[in-house]
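Report on one structure; see the data block that follows.
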Amino acid sequence: MSKSDFLSWDDDLDDFELAYLLGDYTDTDTNADSVSACKKPKKDIQCSGYMCPDCKKVLKTISGFRGHTAKQHGKSNLKAFQHRIQNGEVLQDQITTPQSDKSQQSTMTAVTLDSIFQSAYNNTLICIEEDPMYNIFGESTIVQIAKSISDSVEVKTFFYDLFREIFNSNPNLSLNHDRELFFTKFHALRLSSSIDKGYTDHFSQNGFTPLDNKNFIQIVMLELINQLLSQQTIQEQKSSDINHSELSENDQNILYYICGYIIRACEKRYSKLKGDLRSMKINCIEQVKSTSTTNSFVSKYNKWTEKNDRGGLIMPSDNFYLLTREFETVVRKHLGDQELNAKSLLHDKLKELIMESFMVKYYSEQIFVGIDYDDYVLILEDIIHLFLTIRGFSTAKVIRNKMIKDKVTSKKSLSLRQVLKEKHNN
């Protein structure tokens, strides 16, 4: 074998053809049109959910969207339904105008700082004056300062301005999660220059030492928070009781029955899960079942459930019934006199309104004691979705039956007897 039998890579590549290396093009080649034509093109996977306006991350649930925007971007007032996307596109039905946002807020009026600050501030000064810790060795300096400013409008306005910004940014403080965010802003406020400016303007000339005045300001701020939370709960409960009075006994019997159905449906769905997720969700559902053997104030609404019970119906706990009743109250309050249509009954919008309700959060925390908020809020969203689905079908059925009835009654009879009767009367 001679040396010339081998290709010389050092020389020019003109001594062989490129086609010799590549080989002949055949129908069995992987690049052939006949082969590539048989392969189905890959579909672009389009995301559906709620897109964060800052980082463009898509979240699957409303609770996930709200948690992400609040924790990662510090925005707790974004509406998830306004950022819903389907197949990568923003839904036109979710786009709202400033007028629609204003109308939405007016239908869900919450307890404002203006409505509770006066009573909370007065109770704060009374608690300080009557606190035995400040009167162990006679009337302390803190008590004397409290009495000296009890009638001062300027001092009251100073404290009101301090709380207005942080309270109005998130007035719904029913959950520990919300209160943690509130107290984060509150502690930042305690170290801000506003405190020093307030001391200089309102307390520097009252005859007490700077240390006593600054201690008094901090004591008032801590006590005032507790009073605001207490007053907010009282006012929300009063407002809720007024709204519940509009529900008939028959409505509440039906709501009680629906509670049991929701529990059964969630149990069936969660039993198909596996691992820790299944255990967590089943544990949450167990919290909403009634374990009491004695009658309570909501037992009067279980008549229809007991009548239809053949041994398999589930009785809800008192708090879960009150929670479901609050769902109905929020929906009725939001719809009001609006014309019922597909847009007014959008699940995402109604679901978020329900989740923002103070009393919904209040009852949720009473039910899911000892369970992390990030866990049970997923269950709450499933429950609300199921409730709105049941209510939506029932509403559509009522409207359809009414339209059929109106159509039948307005139709003129063409029977022979009716024609003869009309001729006889004429």
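Structure above, values below:
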| quantity | calculated |
| --- | --- |
| Matching entry among Tyr270, Tyr301 (being free of Cβ contacts under 8 Å to residues at least 24 places away in the same chain, in contact with a helix residue (DSSP H, G or I) (Cβ under 6 Å, 6 or more places away or on another chain) and among the aromatic types (Phe, Trp, Tyr)) | Tyr270 |
| The stretch 56-74 residues that are over 24 Å from Phe183 (Cβ atoms), paired with ones that are modelled with pLDDT of 85 or more and in a loop (DSSP other than H, G, I, E, B) (beta carbon under 9 Å, 6 or more apart) | Val58/Cys52; Leu59/Cys52 |
| Members of the stretch 105-121 that are modelled with pLDDT of 80 or more and either of a type in the set (Val, Ile, Thr) or under 15 Å from Phe216 (Cα atoms) (or both) | Ile116, Tyr121 |
| Residues located in the stretch 209-230, provided they are part of a helix (DSSP H, G or I), farther than 17 Å from Ala188 by Cα and more than 29 Å from the chain's Cα centre (by Cα) | Pro210, Leu211, Asp212, Asn213, Phe216 |
| Any hit, the stretch 244-254, residues being part of a helix (DSSP H, G or I), at pLDDT below 85 and either within 30 Å of Tyr121 (Cα to Cα) or under 24 Å from the mean Cα position of the chain (by Cα) (or both) | yes |
| Residue tally, condition without any contact (Cβ under 8 Å) to a residue 60 or more places away in the chain and surrounded by 15 or more Cβ atoms within 10 Å (Cβ to Cβ), over the stretch 251-267 | 6 |
| Hits in the stretch 45-76 (condition: part of a strand (DSSP E or B) and farther than 18 Å from Leu378 by Cβ) | Met51 |
| Residue in the stretch 123-136 that is modelled with pLDDT of 85 or more, assigned to a helix (DSSP H, G or I), loosely packed, with under 14 Cβ neighbours inside 10 Å and among the acidic types (Asp, Glu) present | yes |
| Candidate set from the stretch 283-342 (those that are in a loop (DSSP other than H, G, I, E, B) and among the acidic types (Asp, Glu)); member that is farthest from Leu388 (Cα to Cα) | Asp309 |
| Filtered residue count, the stretch 50-67, keeping only those that are within 10 Å of the chain's Cα centre (by Cα) and of a type in the set (Lys, Arg) | 1 |
| For Arg179: the one exception among (1) touching a Gly at 6+ places or on another chain (Cβ under 9 Å); (2) modelled with pLDDT under 85 | (1) |
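The values are calculated or read from the model by the stated rules, or taken from the named source; none is laboratory data. Source: prediction; values computed, not measured. Cβ sites come from the backbone with ideal geometry, for glycine too, and all protein chains shown count toward neighbours.
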